[in-house]
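Working notes, structure below.
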Amino acid sequence: MAKKENKFKDYGIATQSIHTGTDYDAETGAVRRPLHMANSYKLPDDLSKVNYSSTDLLMYARNGNPNQHWLEEKIAALHGAEDAVVLASGVGALHALFWTLLSSGDRVVYPKVSYMAVYRMFHELFNRKFGVDTVMADMTDLDAVRRAITPGTRLVHIETPDNPTVGVTDIAAIARIAHENGALLSVDNTFASPLNQRPLELGADFVVEALTKFINGHGDAQGGAIISNDLETMDRIRYEAQVNVGSVISPFNAWQIFRGSVTFPLRMRQINASTQRIAEWLEARENVTFVSYPGLPSHPGHALAKRQMKNGFGGVISFGLNADDRTVERFCAALKVVTFAVSLGHDESLIFPQPSYDERILLYPERFRRGFIRFSVGLEEPEDIIGDLDQALVAVGL
């Protein structure tokens, strides 16, 4: 579809989150975008120039839908970008980007610490199925990244902060290294969100957001986005991964995320403040062996995070307990305010143990190999969260 001019591009992010992509409904005058659940749309009378695998015309829901397009306008605006492609999930967006950019014989350098699906895609799928050379590197070590990049490297992919250790990678430095070697840089920005970090402004070529998380923020819809100023490649992603692989988002999920994104900056500011306070409390708590949060001076990436994360340090803390796997599970189950569940970025706080038998555990720094927990802070009163953590620690004898 033809890109519309963002009339609010010179306004702040909170104003853009409310107004970009929003308009009056032409038929009713409603000030909310309607939900269009149609699978098919009226075709033009002259079909001679219709490309049935393109997204430049509303014709079939797999080629795009109005709710998707309005959400794409908003997500691009939140990143100050030219374009966004919104797909069915964060993993769908990651796969769409890698599927479009990589061919047999290409090399991709990706983090030793990464989201499980990225690990699976590169450690098992893209190399075995498609002959892509997939190489892990410690992205916090710039020399290690330089050594990993060889002729034929097509893509460097990073997460910052990373999942699940909340490590911080220097986006601008990695961008320079990648570009000097003819490679592209993609950044998973889910933990940071566009309120706190805009990787395109630091030299990244592509950004991925799991819209399921902080941008939607309500734990009730899945979606993912690829954001870039490379319009030619974005059109390829739509053609190759959306239309011809089918990773399209449903109109209902797009409508839900559009609604949730309106309050995203407000929620994220509260989450930033609460998470900082809770991380400081955890760091002072007996039997907590470590706390990994970029807002803490003790975090090895704290100074870097202060430079590249502008409004806060996000809503995820990783911490360790002086306890075995079973005790960690009992601690999580004893919580009353915090929800024992996977995912992150919801309105409710979520906690999930990272067991010592996870096959990736030896890829993490040593302190993460025992009693490791990933904690996503929600919108509850921080005093209530702290009180809940305290009572659960006492309940399991810590």
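We did not get these values from a lab; they are worked out from the coordinates using the rules stated. These numbers come from a predicted model, not from an experiment. So basically every Cβ, Gly included, is an ideal-geometry build from the backbone, and we count neighbours across all protein chains shown.
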Whole-angstrom gap from the range 117-178 to the range 4-51, using each part's C-alpha centre: 36 Å
Looking only at lysines whose Cα falls under 23 Å of residue 336's and that sit 8 or more positions away or on another chain, we get 213
Determine the relative contact order of the chain: mean sequence separation of Cα pairs under 8 Å and six or more apart, normalised by residue count, in whole percent. 16 percent
Value at 222 nm in deg cm²/dmol, rounded to 500, when DSSP H runs of n ≥ 4 in the chain each add -39,500 (n - 2.57): -9500 deg cm²/dmol
Taking 0.36 nm per residue of sequence separation and subtracting the Cα-Cα distance, how much length would be gained by fully extending the chain between residue 11 and residue 289, in nm to one decimal? 95.7 nm
How would you classify the range 264-395 from its alpha-carbon gyration tensor, with a ≥ b ≥ c the square roots of the eigenvalues: rounded for a/c under 1.5, else prolate if a/b is greater than b/c, otherwise oblate? oblate
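Within a 10 angstrom radius of the beta carbon, how do 327, 190 rank from fewest other beta carbons to most?
327, 190
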Most fluctuating residue of 303, 77, 26 in a GNM of the chain with Cα springs under 10 Å: which is it? 26
Note: the chain at 25 °C, 0.890 mPa s; Kirkwood Rh on alpha carbon pairs; Stokes-Einstein D in µm²/s works out to 113 µm²/s
Average Cα contact separation per residue, the range 264-395, under 8 Å, 6 or more apart, as relative contact order %: 28 percent
Out of 284, 81, 14, a Gaussian network model of the chain with alpha-carbon springs under 10 Å gives the largest mean-square fluctuation to 284
Kirkwood radius from Cα pairs of the range 95-217 plugged into Stokes-Einstein at 37 °C, 0.692 mPa s, gives D in µm²/s equal to 229 µm²/s
So for the range 287-398: antiparallel DSSP bridges make up what percent, rounded to the nearest 5? 90 percent
Which one, 213, 42, 74, has the greatest fluctuation when you compute a Gaussian network model over the chain with C-alpha springs under 10 angstrom? 42
Can you compute 3J(HN,Hα) from phi for each residue in the range 382-387, using the Karplus curve 6.51 cos²θ - 1.76 cosθ + 1.60 with θ = phi - 60°, rounded to whole Hz and x for Gly and Pro? x, 4, 5, 5, 4, x
I'd like the antiparallel share, as a percent to the nearest 5, of DSSP beta bridges with both residues in the range 13-261. 45 percent
Give me the net charge for the shell around residue 266: Cβ to Cβ below 14 angstrom, other residues only, Lys and Arg +1, Asp and Glu -1. +2
Loop-only chymotrypsin sites (Phe, Trp or Tyr not before Pro) in the range 16-88, please: DSSP not H, G, I, E or B, and at most 16 other Cβ atoms within 10 Å. 24, 41, 52
How much net charge surrounds residue 289 when only other residues with a Cβ under 9 Å from its Cβ are counted (Lys, Arg +1; Asp, Glu -1)? +2
